[in-house]
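Okay, so here's the structure we're looking at.
Any read-out appearing in this document is the output of simple, stated calculations on the displayed coordinates, not a laboratory observation. The structure displayed is predicted, hence computed values, not measured ones. Counting neighbours? That spans all protein chains shown, and the Cβs are built from the backbone with ideal geometry, glycine included.
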Amino acid sequence: MDVSKLNRADVKIVDDNLDTVLSDTIRDYETRADKTLRPAHIERLLINTYAYRETLTRQQVNEAYRQQHARFATGLMLDLCGDDVSTPRLSGKPALTTLRYAAPTLSGATTINIPKGTRAQVGELVFVTTIAGALKATANSIDLPAECTTLGMVGNGWSVGQINNLLDKLHATIAVTVTNTTETNSGVEEEADEPYRERILLAPESFSIGGTVGAYKYFARAFSPAICDVETANDKDANGNDIGGTVVVYTLTQNGLPSAELLNGLNNYFAAEDMRILCDKPSARAPQIVNYALNAELTLFTGANEAEVLTAAKTAWTAYEEKRRLKLGGDIVPLDIQTVLKVTGVYNVTLKNLNLTVLNRTQWARCTSVVITAAEVQQDG
């Protein structure tokens, strides 16, 4: 039996259907009292109340049973399932960026040290350098990695150049400027239940010391809750042949492609002696992008409200795309897209310049534009 295909609502140890509980209770009372109950009997009111309360109790029993299993547990109970396999829930991560410190007037033998933790501000947020650096006359600018002091997504999305307020005075007389050279990224909230559940189910793979595919997926997901999908493969030579001993870990994040900062951190993470499998050469990379554009024309049934139908179709597309974009290797299937867009009121869906495209697991389909319009002529059907 493939338990991965079980419907959560079907996992139960007692029957919690209200109609069943009510009929069983009535039958039991009639047997014990040797009396046939009618809907107007006062006993029915009491039995109805009892049956409702009994149903709620049974539903709680079934839910308690589900919460014992990682596939169905939520919240704290999922944390306890993770504890059984030494897999704690990942906490939030700060946004990352690269800060460029510069001292254009620096000359001579003067050196300006930039300590680890040097602060730069944007709005109410503060970013600090994660390593130390130094400015010299021969190198009067330096790029240093930095992270937000506030965890979560709040630090994401600051454009290049917006972080430019240096809070720490680095030299008494020489002015030092700071600016971010990359858009802030990779900040993420505490790991949600679904990605955490996937890591718990992958956890047994981490027990192997042989460098299994599942183990690399597990450890990549453990690096950051921003990572939502992982695929591994051997690196290829110029002729397309596998290079033995190499492991490429392709990662996808909740925001799409992984940032340079995230990939650099992941590479350092895999390179650690207590992490890297002996003789393996792991490296983290972004997946190959396969771009496509959605241009759909909807033929509506006669009398359908065009504005309402278009709104429903766009909402359906957004829900479909939000789920699809979190997975690697998702094929571009016109029939699936037509099915999504064929909401109530739509007679037919015509897709323009969109062909069936089969992807491998190291590729990622990215929708670059969305145009959904209604045809001028409606159809009686």
Taking a threshold of 26 Å on the Cα-Cα distance, which of the pairs 116/136; 5/323; 93/217; 116/217 fall above it? 116/217
Just grab the label-to-label distance for residue 132 and residue 291, each label 7 Å out from Cα along the Cβ direction, in nm (one decimal). 4.5 nm
Extreme residue, positive dipole direction of the chain, given options 137, 301, 37 (C-beta unit charges): 137
Using the number of other C-beta atoms within 10 angstrom as an exposure proxy, rank 91, 186, 224 with the fewest first. 91, 224, 186
Taking every DSSP beta bridge with both residues inside region 230-331, roughly what % is antiparallel (nearest 5)? 55 percent
Once you put a point 7 Å from the Cα of residue 267 and another 7 Å from the Cα of residue 6, both along the Cβ direction, what distance in nm separates them? 4.3 nm
Taking r as the C-beta separation of residue 85 and residue 238 and R0 as 35 Å, the FRET efficiency to the nearest 0.05 is 0.25
Ranked 191, 198, criterion: other C-beta atoms within 10 Å, fewest first: 198, 191
Multiply the residue separation of residue 31 and residue 339 by 0.36 nm, subtract the distance between their alpha-carbon atoms, and state the gained length in nm to one decimal. 105.6 nm
For Rg/Rh (Cα atoms, Kirkwood Rh), calculated from these coordinates, the label among [x] 0.97; [y] 0.94; [z] 1.12: [z]
Report the charge-dipole magnitude of region 94-180 in Debye, nearest 20, computed about the Cα centre from +1 at each Lys and Arg Cβ and -1 at each Asp and Glu Cβ. 200 debye
Run the quick spin-label model on residue 150 and residue 193: label points 7 Å from Cα toward the beta carbon, then report their separation in nm to one decimal. 2.8 nm
Given the Cα-Cα distance of residue 68 and residue 323 and 0.36 nm per residue of separation, how much length would full extension add, in nm? 89.1 nm
To make sure I understand, if each residue's beta carbon is the centre and we count other beta carbons within 10 Å, what order do 228, 279, 148, 367 fall in, fewest to most? 279, 367, 228, 148
Excluding residues fewer than 8 places away in the same chain, name every one of the aspartates and glutamates whose C-alpha is closer than 14 Å to that of residue 236. none
Starting from 0.36 nm per residue, how many nanometres of slack lie between residue 246 and residue 361 once their C-alpha separation is accounted for? 39.7 nm
Bridge orientation stat for region 289-374 from DSSP, antiparallel percent rounded to 5, came to 40 percent
Run the dipole for the chain about the Cα centre, Lys and Arg Cβ at +1, Asp and Glu Cβ at -1, nothing else charged, and hand back the magnitude in debye, nearest 20. 640 debye
Loop trypsin sites (Lys or Arg not before Pro), region 85-181 (other Cβ atoms within 10 Å of the site Cβ: 16 or fewer; DSSP): 116, 169
Mind checking the dipole of region 193-286: about its Cα centre, +1 per Lys or Arg Cβ, -1 per Asp or Glu Cβ, Debye to the nearest 20? 20 debye
Per-residue ellipticity at 222 nm for the chain, helices alone: DSSP H runs ≥ 4 residues times -39500 (n - 2.57), over residue total, nearest 500 deg cm²/dmol? -9500 deg cm²/dmol
